[in-house]
1. Looking only at segment 220-266, how many residues end up being within 24 Å of the chain's Cα centre (by Cα), within 18 Å of S57 (Cβ to Cβ) and open to solvent by less than 70 Å² (accessible area, probe 1.4 Å)?
2. Suppose we filter segment 1-38 for residues that are under 17 Å from I96 (Cβ atoms), in a loop (DSSP other than H, G, I, E, B) and of a type outside the set (S, T, Y); how many remain?
3. Output the qualifying pairs, or none if there are none: Cβ atoms under 8 angstrom, residues six or more apart or on different chains, first residue in segment 148-167 and over 20 Å from V98 (Cβ atoms), second residue among the polar types (S, T, N, Q) and at pLDDT 80 or above.
4. Taking segment 17-37 as the region of interest, how many residues are under 19 Å from L88 (Cα atoms) and among the basic types (K, R)?
5. Report whether or not R215 is assigned to a helix (DSSP H, G or I), open to solvent by 50 Å² or more (accessible area, probe 1.4 Å) and within 16 Å of L63 (Cα to Cα).
6. Show me the strands (runs of 3 or more DSSP E) entirely contained within segment 47-104 in which 3 or more residues are open to solvent by 20 Å² or more (accessible area, probe 1.4 Å).
7. Have a look at K64, K92, K43 and point out the one that is more than 26 Å from K173 (Cα to Cα) and of a type in the set (D, E, K, R).
8. Give G134, G162 a once-over and let me know the one that is out of contact with any Ser or Thr (no Cβ under 7 Å at 6 or more places or on another chain), loosely packed, with under 15 Cβ neighbours inside 10 Å, modelled with pLDDT under 50 and more than 24 Å from I33 (Cα to Cα).
Amino acid sequence: SYVVVSRLKVESFNLQKSRTKPNVFRSSVDQRIELNFPPGAIKTVGVLDVQVQPVDSVSLSALKSRCSDCDTLISTSPMVTLSLSPVLRLHKPMEITVPCPLNPAGNWARDPTRPGTAGLGGSRKLVGSSPRPGSAPAIRTGAMDDGKHGDDFLHLLSQSEGEDGWSEVMGVKFRQNKKGIVTFEISELLERFIVLRTADPAAEQFQSLTETLPRMLETSLTLTDVRLILRTKTSDPERAVVRCVPARDVREAQMQLDAAGYEETEPSKEVLLQDGDQLVLKFSGNVTRD
């Protein structure tokens, strides 16, 4: 017997100590993800393992539809896991670049390179790059062109090995470009992190979801929203077909069945499936064909 499984790709990068050249690595999973160790950041050769969990828009939309408290969430970066050789540590801050799509409903910031201001408790400047977890507000990415309070905010969340909860990393300076590519600096390596873009960090529901939202997102990534389509042949009612298709492909599947001469019927309601789930169909009734 055998079984086929899939797992996230783990990429290994060799780190070289150098006082003049940086160690720069890009993920082959998503080349917009870049890790930049400046000269002098690494003083011993070693290996950096990187694992990237992409977050697709379908899974994100599905999470928001099932979570009433997630309405302030606009987009996220991929989830990234970093593992550094035990003998290595950072002697200088490093830069990390990840994609985090812009708010499609808003205008891009006038000056995305400036340090942000706090979303709560006044307008103090956030300085430094210490990745200490905390509960302070996130970074404002910029003002909307119309001057209204429609700004979006960036949050860096991290998780340490062996911990279930996630914590918000404070004091981070974000930079971004018009394509939603976000760069930030850290002085200690984060074992696992994700960047969230939200509409309102002052919302109580987001503050309470800081530790659990990434876990809910992970669960959403393992779920597939499908629909069941049951149709009979117009010219031969004894012939029937059952299709299980992702929700996003329902219209295409219906058109194919229409073209093949099957009667029109409505698809089933939402069915959430995980890898390995079995779908058992049972038919009952007393309708027969004469």
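The values are calculated or read from the model by the stated rules, or taken from the named source; none is laboratory data. Treat the numbers as computed from the prediction; the structure is a model and nothing was measured. So basically every Cβ, Gly included, is an ideal-geometry build from the backbone, and we count neighbours across all protein chains shown. Heavy atoms of the whole protein, side chains included, go into the accessibility calculation; ligands, DNA and RNA do not. Shrake-Rupley method; radii C 1.70, N 1.55, O 1.52, S 1.80 Å.
1. Selection size over segment 220-266: 10.
2. The initial filter retains those residues of segment 1-38 that are under 17 Å from I96 (Cβ atoms), namely 11, 13, 15, 22-38.
Checking the rest, the ones that are also in a loop (DSSP other than H, G, I, E, B) come to 22, 27-33, 38.
Next cut, of a type outside the set (S, T, Y) only: 22, 29-33, 38.
The total comes to 7.
3. What qualifies is G165/Q159.
4. Final tally of qualifying residues: 3.
5. So R215 fits the description; yes.
6. By residue number, 79-84.
7. Of the residues listed, the single one that is more than 26 Å from K173 (Cα to Cα) and of a type in the set (D, E, K, R) is K64.
8. G134
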